[in-house]
1. So, counting K/R as plus one and D/E as minus one, what does the shell of residues with Cβ under 15 Å around LYS133 add up to?
2. Using a cut-off of 13 Å between beta-carbons, work out the net charge of the residues near PHE289 (Lys and Arg +1, Asp and Glu -1, PHE289 not included).
3. List residues of region 210-225, by number, whose backbone nitrogen lies under 19 Å from a label position 7 Å along Cα→C-beta of ALA155.
4. Can you tell me the equivalent ellipsoid semi-axes for region 193-233? Use √(5λ) from the Cα gyration tensor, largest first, whole Å.
5. Can you work out the PRE-style zone for GLU200? Point 7 Å along Cα to Cβ, and I want the residues of region 126-145 with backbone N under 13 Å.
6. Just the Cα atoms of region 125-208, one point each, no solvent: what log10 I(q)/I(0) does Debye give at q = 0.15, 0.16, 0.26 Å⁻¹?
7. Relative to the longest principal axis of the chain, what angle (0 to 90°, nearest 10) does the C-alpha long axis of helix 2-54 take?
8. Just the Cα atoms of region 209-316: what Rg and Dmax do they give in Å?
Amino acid sequence: MVELLITMVVFVFVMAAASQIFSGLLTQFKQQSKISETNVEGVVGLEIMRQDIEHVGYGLPWIIPAAVTYREATGATAANYNDCNGGLPCVAPRAVVSGNNITFSGFTGVDYLTIKATNIALNEASQRWTTLKMAPFSSPDNPREWTPASENLAASDRVIVVSPGSTDTNARRLVANGANFYTTFVNVTNAPWPPTDNLETRLVYGINITSDPSPQRPFNRADYFITSTDQSGSDISPQRCAPNTGVLVKAPIKHDTSGNNYDTYLPLLDCVADLQVVYALDNDENGSFEDGVGAPADAYTDDITALTAQQVRNRVKEIRVYILAHEGQRDQTYAYSSETIGVPAAPDPVAGLGRTFDLKTAIGVSEYQHYRWKIYSIIVKPIDIR
């Protein structure tokens, strides 16, 4: 009996030790799996954002005919980045604009990014384009057809037509039929959409498909922001995320006249605490960016709301996006080393233009230390802005 009792006691101690080791291994495995999950989200979601930023201005007309009016967003925050609200005259749309240090969806001091282009919607038509020459239209090159055939616009797709022009004063003019700025692809060979000069080739961009609302603007628009709720107000933040963090989303603006601006929320990254946007401006418009050089001097800035569409095209040479989020989930055994973090942080050349994020205040005194905080950087030179 004594030997049995001794054996049982030893067994209990061994099992206790083993359970502690197993529990630690299980906790670390869970933490590492969540970190890996976060990294995958960062690669996939932020690549979508990077590509959208790279293509700001794609297909945008530079000149809007006098008779054409278009509508953008109607919501209180989204409307701040409109270029036309349905009245005449409508100015050319800015390819990119952002709100600097605003309060939105319960987050204070964050940035709000708006991108305008034809190819940033979520429908297939917006990913397609072709060219259109002067009549006759019997050739498969007029409108031009692509291989494979799945790359071609469908007959019912709604499209805009842009006349590329030859100088900066008449370049990229939106073609319109009176006040109507779009047509269906099947009708694109009818006047007035084709050129009347055999030296001109017009550009045809898909906007949306027939099942979507009729286009309200001659481009697509998507806004990027942090939110913890969806359009209905339901919580969308994963339980593993720190307090007062949310989801970075891409929110295309609907082509309708209702008050419901956002078509859907496409989540890009979870557990996000801050978003900051910085621009490299070629202020002397000599074609290149050299910080501090020129008259006026080239410079980084976090606010371009005062720039016109043409100034955005001429001056924005680089767009830098910084996202503060945490990897994995809460880890009681981990202690983050600082109460604050720069977004962006030194030695980044634009450190100080974003803000110093106070983790202790925003996340909570007893919470912020137990998360692995990370800054994701997206630095892009737009290729379609001109």
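Laboratory data are not the source of any read-out in this text; all were calculated from the coordinates shown. Treat the numbers as computed from the prediction; the structure is a model and nothing was measured. No Cβ is skipped: glycine too gets one built from the backbone with ideal geometry, and neighbour counts run over all protein chains shown.
1. Values: positive: ARG144, ARG202; negative: ASP141, GLU145, ASP197, GLU200.
Once positives and negatives cancel, what remains is -2.
2. Here the charged neighbours net out to -3.
3. 210-212
4. 36, 13, 7
5. Label zone hits: 132-135.
6. -0.50, -0.56, -1.41
7. Roughly 10 degrees, rounded to the nearest 10.
8. 18.5, 51
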